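Inspection log for the structure reproduced underneath, given as structure tokens.
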Number of protein chains: 4
Amino acid sequence: MVITMHKDATAEQIRVVADRVRELGYIPHEMPGAQRTAICITGNKGPLDPSLFTRFDGVADAVPISQPYKLVSRELKPDSTVVEVRGVKVGGGSFCVMAGPCSVETRDQVMATAEHVRKNGAHMLRGGAFKPRTSPYDFQGLKEEGLKILAEAREATNMPVITEVKDAETLPLVAEYADVLQIGARNMQNFSLLERVGELGKPVMLKRGLSSTVKEWLMAAEYIVSRGNRNVILCERGIRTFETLTRNTLDLGVLPLLRAITHLPIIVDPSHGTGVAKAVTPLARAAAATGVDGIMVEVHPDPAKALSDGPQALTFVMFEEMMRDVRRIAEVMGQSVD
Amino acid sequence: MVITMHKDATAEQIRVVADRVRELGYIPHEMPGAQRTAICITGNKGPLDPSLFTRFDGVADAVPISQPYKLVSRELKPDSTVVEVRGVKVGGGSFCVMAGPCSVETRDQVMATAEHVRKNGAHMLRGGAFKPRTSPYDFQGLKEEGLKILAEAREATNMPVITEVKDAETLPLVAEYADVLQIGARNMQNFSLLERVGELGKPVMLKRGLSSTVKEWLMAAEYIVSRGNRNVILCERGIRTFETLTRNTLDLGVLPLLRAITHLPIIVDPSHGTGVAKAVTPLARAAAATGVDGIMVEVHPDPAKALSDGPQALTFVMFEEMMRDVRRIAEVMGQSVD
Amino acid sequence: MVITMHKDATAEQIRVVADRVRELGYIPHEMPGAQRTAICITGNKGPLDPSLFTRFDGVADAVPISQPYKLVSRELKPDSTVVEVRGVKVGGGSFCVMAGPCSVETRDQVMATAEHVRKNGAHMLRGGAFKPRTSPYDFQGLKEEGLKILAEAREATNMPVITEVKDAETLPLVAEYADVLQIGARNMQNFSLLERVGELGKPVMLKRGLSSTVKEWLMAAEYIVSRGNRNVILCERGIRTFETLTRNTLDLGVLPLLRAITHLPIIVDPSHGTGVAKAVTPLARAAAATGVDGIMVEVHPDPAKALSDGPQALTFVMFEEMMRDVRRIAEVMGQSVD
Amino acid sequence: MVITMHKDATAEQIRVVADRVRELGYIPHEMPGAQRTAICITGNKGPLDPSLFTRFDGVADAVPISQPYKLVSRELKPDSTVVEVRGVKVGGGSFCVMAGPCSVETRDQVMATAEHVRKNGAHMLRGGAFKPRTSPYDFQGLKEEGLKILAEAREATNMPVITEVKDAETLPLVAEYADVLQIGARNMQNFSLLERVGELGKPVMLKRGLSSTVKEWLMAAEYIVSRGNRNVILCERGIRTFETLTRNTLDLGVLPLLRAITHLPIIVDPSHGTGVAKAVTPLARAAAATGVDGIMVEVHPDPAKALSDGPQALTFVMFEEMMRDVRRIAEVMGQSVD
């Protein structure tokens, strides 16, 4: 923490701040400059809250120097975490493809989709049974019936299942069927739910919130890991900006920096990240080219009739083409897809 | 819904889309233009999902014309809703001031603050007992002990209590003590929680999400109202933008439009909306000048030592000055503060 | 500037950075902490560029402590600047109302509008003759003919004229007719134009750019002032965010902080700030309630037939009502409107 | 254009709007729905301005259906434009690499950089001689001396030169030396400058504005093309969002959609798009993987001592590695780099 005093701060004001630093158990270092005095604080084990100091008279600003995340940080654990689910690895040099419908709608739809994506190289089956929807009047998912269909598809294709958990109430039920629990963007800061999945130990995929900074995203992951569950996968799925041509703005630029900060595996969801089917394959390639650990995409046998997110679903043919492309990019990156 | 076809869409493609519209039970009206054909849909009772049509060949775009909210809409209920809590009215021409500490920290802190704000004209006591915090290592609130302190302050000052409910698990406990349940910005799209408070019937204050459009905010309110609870207060508390001088960007500009769209009462939180104490009073005045139904502000006996959000808390003296100013603005607006 | 070293930075890496600081003429202070070492720099007269240090091995971050603006800063000149134009004051306790059409369209339109706003208490006449438009096919203004009409309206009403200058080429012509030169939001970082109006000495109103931080806005003002022209008025007119209900998001929250940072007068444009006529008066009131030095609003005799920005123009009746309201708010603030 | 009337709009109000449509020369089609009436307009040649109708009584909304851009649109010109500069093609299946320093600082710096990037496969030399800077106190470029150094480097390496033009005043001078004129992000809506470079005919690279939608960007290109200059290259360089980890948020997601809308070639600038050197190569790969026509990157012999934008400059070694990677991605995309 560095506290900057106002240009005209009095010696007494500086003394009061320095005393408060000492009172808190840290060491203040006064740095008189040409324009103003700064007070550098040392002796703290973790980051300090600027609000401890900003309200004192004469203080212009307080800038934290340390980062607030610990357990998710590569400084603490330099080697990359690999999350393993029924033999499928996320992280560690493999490129993982999670694919399936947005919502589980019918048994036929899921079985056909699961078989198609499996045949073309997908590793994990996605599909929503409990759907968080903006409108209370929209299709809310098949619930437990949907989970059963996913379990049946898992049996048939031998792919682990990833599905969203909406709330603590349905967590035990969802956890019974799911191999990976997905926390959606709107729940990224549902801290109670984060604590619950942290206690459960089952692998979790944490989507970035629509307006979350990378720092807040990592703090949300820290909630899970600090409860004892290190099996966390981060999923970039686009942030909200002023641009409306795409549904969200896929933020690939932060990923190389995120990689350097955290040891957790990172995947990208170009379906939600763009919201438009014809942009999904180009952005799946782009995501792979940044060097992430995998992608998650939505696939539907007949997107024009999908009950949710039809505009962004890949058709079966589009998925085949995407896999062909992504495989080649992953090869360039030295990652194995098969 | 208006579907726009591509410039070079074939007659056959137009026919397929029109057939689909009829199949769904609506009436397609083909409108051939100089450049392209549009298909206007009538016969639908509510808004249609564009994704029903955007994936058909030849379709350029599908633009919904109706709005998706119903029960919260002033078109459905033209007269303004007044939420009444233990004799305190929110809406209907009075100007309601909710004030108190960010977090309940000690009995003394809350009692002193409650008495001070009461004496200076506040109508409702705010204070957090269950605190959603970005970091798992930050102070998470006094929990039930905090609720008890709030209840004691209610007895002493005769002000109803508004406090945040974080999750469905603690809802019964919080509801036992609270007069108004606050849903925080990060929970605005926690649909399961919205449904629970909708079923409960107790007054709810719904804060706007950090990156939520007004439309999404109204749909979140629709979740609550559609479960039978019409006692919903909307609270604007700032959105996330690129500007970092303030903690959030208080979006007062949407309020006159929101007022025309919905019959629900609207209040403003300039404490979170700016995040800086010296901006709170000017923005409280500004909020009052837009004609809203009240404000919520954070007050602390000693902000420099607050356990959360110290930088934005008003001191006792600042609160007095704010009340004096806000009272005068409310008078100009023809609203009574007392 | 404080440079933070990586946790595992070597003593040699720290030495190299410290040497570089000395080489640049400043004094490095090494602050070894529990986790990592920081290097505080003193001896610099102004802010340093972080990029001077971030590329050195072992450096984690470099955080500037000083602010980059000087001449516009209240630290340098504590008393507020008053810009005086033909007897009209902007700043210094008066509340200035600038009003008129978006574009000059016809002599009749401008004369009628000028007389109406004058009669109802406006102090300055606005109107665009050179219009920057998003589309090359939109109405681009009446150019010199428009300036002549404005000059005629000035004669008739004795109000000074404020009009936009689009480029250096037309600056001499515009400066011949205008009393205040308006720099539009899209030109806020047109540094060559800023330098030209800085050399000219005529009063300038600098609108905030759509995606400009307050810091960038002040640096743009610094361009003008550093060329010798201290007659600069800042105008907040809304920033671009994800919300589309309003045309822009009027950022009133930064204004009390801006007031503390700079001595320049500040006005607000609720017409562009909201883009919707029925929101203009409420936001004009709100702006006045924050304590700014004035507002600029668009008024048109028949907004439904305006050649530009019709949706946001006040009718004559709406302007009267707005003036009545704003006058009362300004009174509360202790400002004189007449 | 589709005009939606309020639920309770009167027959008379609908008639007035329909009459206005006819008065403007178009055909109104009344579409009575279950909830409200819509009026579809046909007979217009181009897009209509919603503000023509939104101010009439009873009108709820007016939604444009046509797009405002014409000459830059692929609907008008289906085949992709290739911009050719001294034998170097941008567009048409080749992958063009533009590289060089942010600012021209010294003859040695430019010559060394030009030779290095040329040897490693770059096609065009970039370098700024007139620098738009946020602060008036920052290095503003070597001006004409810088242009001469670039010209000398062109002679030595046979690469065409791209350099920024800041204003109309220096355009003739810059055009004398430059092969491609770069319009910077802050000048994207400097319409006067767009008109000037439109008249000149020389190839132009138009960077996207920090807060510009794709539609506004295309309208800016339309300004240039409508003046007769079809040699326009679009350059995505990141938009401004709330995320501060990167300097900007590189918006790769819009590129596949932009490709479908316009025939103009598209390149990406990952240096400004991320602002952090270690993210540049991963994002250069990602950009290539979306299928664009090239990239522009900043390279410096000693980034730690660069006079501008040092944090984002690639070292010589980093550039070599980037070229090796990008070449392999371009191969996957079927584009030739050599």
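The values are calculated or read from the model by the stated rules, or taken from the named source; none is laboratory data. Not measured: the values here are computed from a predicted model. As a convention, Cβ positions derive from the backbone with ideal geometry for all residues, glycine included, and neighbour counts pool all protein chains shown. Just so you know, the surface numbers come from the protein's heavy atoms only, side chains and all, with ligands and any DNA or RNA stripped out. Shrake-Rupley method; radii C 1.70, N 1.55, O 1.52, S 1.80 Å.
Could you please put D:Leu314, D:Leu24 in sequence from largest to smallest accessible area, using a 1.4 Å probe?
Working: D:Leu314 0, D:Leu24 55 Å².
The residues order as D:Leu24, D:Leu314, largest area first.
Can you tell me the length gained on complete extension of the stretch B:Arg324 to B:Lys119, counting 0.36 nm per residue apart and subtracting the Cα distance?
Length gained, B:Arg324 through B:Lys119: 72.6 nm.
How large is the charge dipole for the protein assembly as shown, taken about the Cα centre, if only the Cβ atoms of Lys, Arg (+1) and Asp, Glu (-1) carry charge, to the nearest 20 debye? Intermediate values should be presented prior to the final figure.
Working: 160 positive and 164 negative charges, 1 e Å.
That gives the protein assembly as shown a dipole magnitude of about 0 debye.
So how much accessible area does C:Arg247 have, in Å² to the nearest 10, using a 1.4 Å probe?
My reading of the accessible area for C:Arg247 is about 110 Å².
State to the nearest 20 debye the size of the charge dipole of chain D about its Cα centre, where the only charges are +1 on K and R beta carbons and -1 on D and E beta carbons. Kindly include the intermediate steps, with their values, before the conclusion.
Numbers: 40 positive and 41 negative charges, 65 e Å.
Taking the Cα centre of chain D as origin, the dipole is about 320 debye.
Please determine, in degrees from 0 to 90 and to the nearest 10, the orientation of helix D:191-200 with respect to the longest principal axis defined by the Cα atoms of chain D, where the helix direction is its Cα long axis.
On a 0 to 90 degree scale, this one is about 60.
Among D:Ala151, D:Asn229, D:Leu307, which residue has its Cα positioned farthest towards the positive end of the charge dipole of chain D, with +1 placed on the Cβ of Lys and Arg, -1 on the Cβ of Asp and Glu, and the dipole taken about the Cα centre?
The listed residue farthest towards the positive side: D:Asn229.
Can you list the residues of region B:209-234 with backbone N under 17 Å from a point 7 Å past the Cα of B:Glu199, pointing along Cα to Cβ?
Taking a point 7 Å out along Cα→Cβ of B:Glu199, the residues of region B:209-234 whose backbone N falls under 17 Å are B:223-230.
Please give the average number of partner chain Cβ atoms lying within 10 Å of the Cβ of each residue in D:321-330, rounded to a whole number.
Working: counts 0, 0, 0, 0, 4, 1, 1, 6, 8, 0.
Counting other chains' Cβ atoms within 10 Å and averaging over D:321-330 gives 2.
Could you compute how much accessible area chains D and C hide from each other, both sides summed, with a 1.4 Å probe? Nearest 100 Å² is fine.
On the way: alone 15340 and 15340 Å², together 26810 Å².
Using a 1.4 Å probe, the pair buries roughly 3900 Å².
What average count of beta carbons from other chains do you get within 10 Å of the Cβ of residues in D:49-59? Please report the intermediate quantities before stating the final value.
Details: counts 9, 2, 12, 5, 3, 6, 12, 1, 1, 0, 1.
For this peptide, the per-residue mean of nearby foreign Cβ atoms is 5.
Can you find, among A:Val104, A:Ala277, A:Pro32, the residue sitting farthest towards the positive end of the charge dipole of chain A, where Lys and Arg contribute +1 and Asp and Glu -1 at Cβ?
A:Pro32
Can you bin region B:171-288 into rounded, prolate or oblate? Criterion: square roots of the alpha carbon gyration tensor eigenvalues sorted a ≥ b ≥ c, rounded for a/c under 1.5, prolate for a/b above b/c, oblate for the rest.
On the way: a/c = 1.88, a/b = 1.63, b/c = 1.15.
In terms of gyration-tensor shape, prolate.
Between the alpha-carbon centers of region B:232-265 and region D:284-338, tell me the distance in whole angstrom.
Cα centroid to Cα centroid, the span is 42 Å.
Let a ≥ b ≥ c be the square roots of the eigenvalues of the Cα gyration tensor of the protein assembly as shown; is it rounded (a/c under 1.5), or, if not, prolate (a/b larger than b/c) or oblate? Let's see the in-between values first.
On the way: a/c = 1.06, a/b = 1.02, b/c = 1.04.
It comes out rounded by the Cα gyration axes.
Given the Cα-Cα distance of A:Asp61 and A:Glu30 and 0.36 nm per residue of separation, how much length would full extension add, in nm?
On the way: separation 31, 0.36 × 31 = 11.16 nm, distance 1.46 nm.
Extra length available between A:Asp61 and A:Glu30 comes to 9.7 nm.
Let's see if you can work this out: charge +1 on each Lys and Arg Cβ, -1 on each Asp and Glu Cβ, no other charges. What is the dipole magnitude of region D:182-305 about its Cα centre, in debye to the nearest 20? It would help to have the intermediate numbers written out before the result.
Numbers: 15 positive and 11 negative charges, 17 e Å.
Computed charge dipole of region D:182-305: roughly 80 debye.
What are the nm distances, shortest first, from A:Lys148 to its equivalents in the other copies, labels at 7 Å along Cα→Cβ?
4.7, 8.4, 8.4
On a 0 to 90 degree scale, rounded to 10, what angle separates helix C:107-119 from the longest Cα axis of chain C?
Computed tilt is about 80 degrees.
Using a 1.4 Å probe on the protein heavy atoms, what percent of the accessible area of chain D belongs to carbon and sulfur? Could the numbers behind the result be given before it?
On the way: 5320 of 10970 Å².
Taking all protein chains in place, chain D shows 48 percent carbon and sulfur surface.
Using a 10 Å cut-off on Cβ to Cβ distances, tally the other chain neighbours for every residue of A:266-276 and report the average as a whole number. Don't skip to the end; give the middle numbers.
Details: counts 0, 0, 0, 0, 2, 0, 0, 2, 6, 2, 6.
Per-residue shielding by partner chains comes out at 2.
Calculate for chain B the 222 nm mean residue ellipticity that helices alone would give, adding -39,500 (n - 2.57) per DSSP H run of length 4 or more and normalising by residue count, nearest 500 deg cm²/dmol. List each step's numbers first, then the result.
Working: 10 runs with 112 residues, N = 338.
After summing the helix terms and dividing by the residues of chain B, the value is -10000 deg cm²/dmol.
Round to the nearest 10 and give me the degree value, 0 to 90, for the angle of helix A:214-225's Cα axis relative to the longest principal axis of chain A.
80
State the answer as a single residue: which of C:Gly91, C:Leu76, C:Thr42 lies farthest towards the positive end of the charge dipole of region C:1-111, with beta carbon charges of +1 for Lys and Arg and -1 for Asp and Glu, about the Cα centre.
The residue sitting farthest along the positive end of the dipole is C:Gly91.
Any idea what the D:Tyr137 label distances to the other copies are, label 7 Å down the Cα→Cβ vector, nm, shortest first?
3.6, 4.8, 5.9
Closest to the D-onto-C rotation axis, which residue of chain D has its Cβ, and how many Å off the axis is it?
Nearest Cβ to the rotation axis, residue and whole-Å distance: D:Ser211, 2.
Using a label point 7 angstrom from Cα along Cα-to-C-beta, what distances in nm, from shortest up, separate B:Lys7 from the other copies?
4.0, 5.8, 5.9
Give me the percent of DSSP beta bridges within the protein assembly as shown that run antiparallel, rounded to the nearest 5.
Details: 72 of 176 bridges.
Antiparallel bridges make up about 40 percent of those DSSP assigns within the protein assembly as shown.
Which shape class applies to chain C: rounded if a/c is under 1.5, otherwise prolate when a/b exceeds b/c and oblate if not, where a ≥ b ≥ c are the square roots of the Cα gyration tensor eigenvalues?
Numbers: a/c = 2.37, a/b = 2.22, b/c = 1.07.
The shape class here is prolate.
Please figure out what share of the DSSP beta bridges in chain B is antiparallel and state it in percent, rounded to the nearest 5.
Working: 18 of 44 bridges.
DSSP beta bridges in chain B are roughly 40 percent antiparallel.
Ordering B:Thr315, A:Thr113, D:Thr244 by accessible area with a probe of 1.4 Å, largest first, what comes out?
Descending accessible area places them as D:Thr244, B:Thr315, A:Thr113.
If each of D:Asp79 and B:Glu176 carries a label point 7 Å out from its Cα toward its Cβ, how far apart are those two points in nm?
7.8
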